[in-house]
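Take a look at the structure set out below.
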């Protein structure tokens with residue numbers, strides 16, 4: 001790779017590999033980087049990754065399949081940026097993403113990443129399911145297409161296609177209906193939000209997705225958007241303005257507290273229940289929203305909210321970011337991040353692990369099963385908990 | 001498949017061994033100015049039994065074994081100078097026992113200092129261990145292997161003086177324990193059994209430290225850092241002598257650095273004090289400032305820089321970003337406190353010769369029994385010329401330390417040779433015999449402390 005092509009050439013050598021980036025806020029251990037926690041070799045720490053990228057850029061190393069896997073093993077949780085004390089910390093992930101962009105340009109990316117991007121290119125979702133099936137999830141719900149309503153409900157690819165996440169999308173829609181919220185959806189006109197595509201370095205595809213969604217928003221005069229997924233929330237809030245799309249974007253947990261407080265929604269009572277909450281990276285570290293989801297959970301009668309040791313800025317990622325909920329580059333181990341997180345949740349004694357992200361939902365529910373914790377702790381999206389209907 | 005790779009995989013599991021270029025590259029690099037040295041394999045054991053099996057395998061294969069902790073010595077002490085297996089010990093990170101009453105904690109040696117600090121803060125807030133100035137990822141075992149010091153050096157000495165017991169995998173693979181734990185007792189003392197201390201400060205050349213009983217010390221409720229500043233470097237030793245006489249401080253450091261400019265040529269004496277009450281803290285502050293430092297203020301040769309600054313633990317270092325170059329290395333030495341003025345003057349001259357803003361630091365060890373004095377040379381990792389200058393400055397400093405009568409601390413191979421050149425021949429021969437006795441195949445971190 002030519003050095004002149006790499007945007008962060010004047011910065012990447014500044015990583016000293018001091019290792020602060022591995023820690024949570026309270027220094028509890030060196031394992032708060034999901035990729036490092038999974039592999040425990042320095043090559044998979046963030047410092048190791050930056051040094052490898054630099055070696056590739058300067059020609060010291062060739063681009064190999066293994067190098068590509070290491071660079072794609074970062075799940076973009078931002079723990080490193082949160083903990084690194086140095087002045088370039090805000091660009092740590094950008095350095096990784098820029099390297100991925102060059103790998104995409106060279107066509108040298110891990111096979112699951114290639115499939116992920118190809119599916120989105122072809123079908124507008126990573127699952128490879130036809131775009132015309134995007135609105136199948138809401139068949140029995142009488143949800144109106146967006147016309148002149150107050151809010152657009154942006155479902156996202158996970159909520160639209162993943163069978164487990166669909167349940168969360170349906171629960172949230174029911175809540176909106178119960179609260180008589182003025183909302184509509186794009187149906188089959190919605191396409192993938194592009195958040196993961198951006199993180200995976202496919203710059204052209206991000207632009208295409210953003211422009212398609214922005215055109216749909218603008219044609220309908222959409223001003224206010226509620227997302228199911230924090231990943232979509234991040235894309236619409238922080239990426240789309242780059243392409244001329246500026247909207248008032250909310251994650252659904254930012255809408256529910258007002259609906260509850262105003263009496264339009266009545267959370268169920270869950271007597272003698274203990275709930276622990278997993279902060280999704282794209283709501284928490286990426287967008288600093290730690291309070292709203294907890295306000296919703298605290299409104300559930302009869303239950304007690306207890307925190308995991310690693311919460312808020314220190315939350316340990318489920319490992320699903322950067323498309324890894326699909327590409328699964330950190331799977332296959334007792335120390336896969338989702339399994340570690342499931343154990344951390346179980347250690348609190350909680351019987352419910354509440355999430356606010358469809359990726360976390362699927363990652364952690366699978367992990368609970370693999371850990372043999374079924375029957376001990378249930379993974380529930382906050383929308384499902386407030387809706388009160390059991391997962392189908 | 002490579003048979004050694006297969007054997008390592010059998011020992012530590014597939015996920016924790018590699019002979020792929022990317023891992024070998026990563027472990028070939030030190031954070032300082034050392035040239036890369038490539039291992040043939042990298043393995044990350046989880047248990048002492050796995051370490052033992054790997055060492056036995058290495059003896060069979062006559063392969064070098066290089067133990068690695070946090071990799072933060074900056075002096076290339078965990079670089080595989082003769083290839084072989086780099087053992088990343090950071091998976092051995094468990095806390096095995098906390099005994100509050102007897103004030104010790106037993107840990108696996110790959111645990112980070114940050115984890116120990118966090119654990120004590122949460123589970124035993126009235127206790128602390130001596131935390132080194134290195135980043136929090138530095139390991140307990142690694143720090144002992146280099147005779148580290150920390151923020152309790154003034155009252156209690158070197159970190160390697162603060163242990164109650166050790167478990168070590170010998171270079172031939174046997175697992176040995178030292179101290180009360182060796183006779184099946186708890187890990188409460190290293191003494192009074194016959195002295196077999198052959199592992200501390202050896203940079204892993206005589207064995208792999210796998211478990212440590214660390215002494216803990218009272219952690220008082222209120223802690224603060226105070227700063228006293230003088231311009232005349234010759235005053236520093238007497239000020240330190242006076243302050244160590246009253247013994248009120250937990251840590252005393254003198255720092256001088258060219259950047260930022262307002263501090264250039266000034267000597268900042270940082271004093272950490274603590275108390276279980278505000279009254280105790282105030283009492284100590286008065287003894288130090290009113291009792292010992294007031295006269296320097298009255299004479300117009302000293303001033304108070306700050307009082308009551310918060311102490312950050314673990315300490316966060318931004319030294320590597322000073323020149324926005326991502327690199328620095330320092331020469332450390334143990335010298336009498338009286339050497340401070342000369343160390344400072346000579347160090348700033350060396351820095352000037354190499355175009356590097358000078359940074360020197362002296363940390364008091366014991367009651368003025370000694371001082372760890374360091375000269376830091378920052379470089380730009382992307383500019384080979386600055387790396388060369390830093391390397392040359394380091395070598396000059398190594399020579400200067402020995403000319404002054406100082407003793408190099410955790411020297412790189414270059415400095416080790418200088419030390420051994422000056423070493424009493426009988427002592428040198430004993431080092432050689434000890435090394436050969438313990439490590440007949442010469443597999444443990446070869447190239448370090450190697451007597452010709």
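Values in this text are rule-based calculations from the coordinates and carry no lab data. Keep in mind the model is a prediction, meaning the values are calculated, not measured. We place every Cβ from the backbone using ideal geometry, glycine too, and count neighbours over all the protein chains shown.
At R0 = 25 Å, how high is the FRET efficiency between residue A:108 and residue A:224 if r is their beta carbon distance? Nearest 0.05 is fine.
0.05
Evaluate peptide B:132-145: per residue, the Cβ atoms of other protein chains within 10 Å of its Cβ; return the mean as an integer.
Working: counts 0, 0, 2, 7, 8, 11, 2, 1, 0, 0, 0, 0, 0, 0.
Going residue by residue through B:132-145 and averaging, the value is 2.
Distance between the modelled labels on residue A:304 and residue B:353, one decimal in nanometres: 6.8 nm (7 Å Cα→Cβ projection).
With a Förster radius of 56 Å applied to the beta-carbon distance between residue A:115 and residue B:441, the computed FRET efficiency rounds to 0.70. Computed over segment B:91-218, relative contact order equals 29 percent, with contacts defined as Cα pairs under 8 Å that lie 6+ residues apart. Between segment A:16-69 and segment A:104-153, the C-alpha centres lie 31 angstrom from each other. Using only Cα atoms, tell me the angle between helix A:337-347 and the longest principal axis of chain A; keep it within 0 to 90° and round to the nearest 10. So the helix axis and the longest Cα principal axis differ by about 50 degrees. Taking every alpha-carbon pair under 8 Å whose residues sit at least 6 apart, segment B:222-309 reaches a relative contact order of 45 percent.
Quote the FRET efficiency, to the nearest 0.05, computed for residue B:282 versus residue A:374 with a Förster distance R0 of 51 Å and r equal to the Cβ-Cβ distance. It comes to 0.30.
When you work out D = kT/(6 pi eta Rh) for the protein assembly as shown at 10 °C and 1.306 mPa s, using the Kirkwood radius from C-alpha pairs as Rh and the Stokes-Einstein form, the result is 55 µm²/s.
Got a sec? How would A:84, A:18, A:360, B:219 order by Cβ neighbour count within 10 Å, fewest to most? Before the final figure, lay out the partial values.
Details: A:84 23, A:18 27, A:360 33, B:219 20.
In increasing order of surrounding Cβ atoms, one gets B:219, A:84, A:18, A:360.
Between residue B:295 and residue B:265, the simple spin-label model (points 7 angstrom out along Cα→Cβ) gives 2.7 nm. Over all directions, the projected convex hull of the C-alpha atoms in segment A:130-257 averages 7.3 nm² in area.
Can you tell me how much longer the chain between residue B:176 and residue B:324 gets when fully stretched, taken as 0.36 nm per residue apart minus their C-alpha distance, in nm with one decimal? All intermediate terms of the calculation are to be shown ahead of the outcome.
Details: separation 148, 0.36 × 148 = 53.28 nm, distance 4.50 nm.
Extending this stretch completely gives an extra 48.8 nm.
For chain B, the longest principal axis of the C-alpha atoms and the axis of helix B:236-246 are separated by about 90°. Normalised by 2.2 N^0.38 Å, with N the number of residues, the alpha-carbon radius of gyration of segment A:337-392 equals 1.02. The modelled label-to-label distance for the pair residue B:452/residue B:124, using points 7 Å beyond Cα in the direction of Cβ, is 4.8 nm.
Shape analysis of chain A based on the Cα gyration tensor places the equivalent ellipsoid semi-axes at 33, 26, 18 Å, largest first.
List the residues of segment B:185-226 whose backbone N lies under 18 Å from a point placed 7 Å from the Cα of residue B:427 along the Cα-to-Cβ direction. Within reach of a label on residue B:427: B:197-203.
Between helix B:278-288 and chain B there is an angle of about 80 degrees, using the helix long axis and the longest principal axis of the Cα atoms.
List the relative contact order of chain B as a percent without decimals, with contacts defined as Cα pairs under 8 Å and 6+ residues apart. Provide the component values of the computation, followed by the final result.
On the way: 995 pairs, mean separation 70.8, N = 452.
The value is 16 percent.
When chain A is treated as a Gaussian network with alpha carbon springs shorter than 10 Å, the biggest mean-square fluctuation among A:60, A:81, A:203 belongs to A:60.
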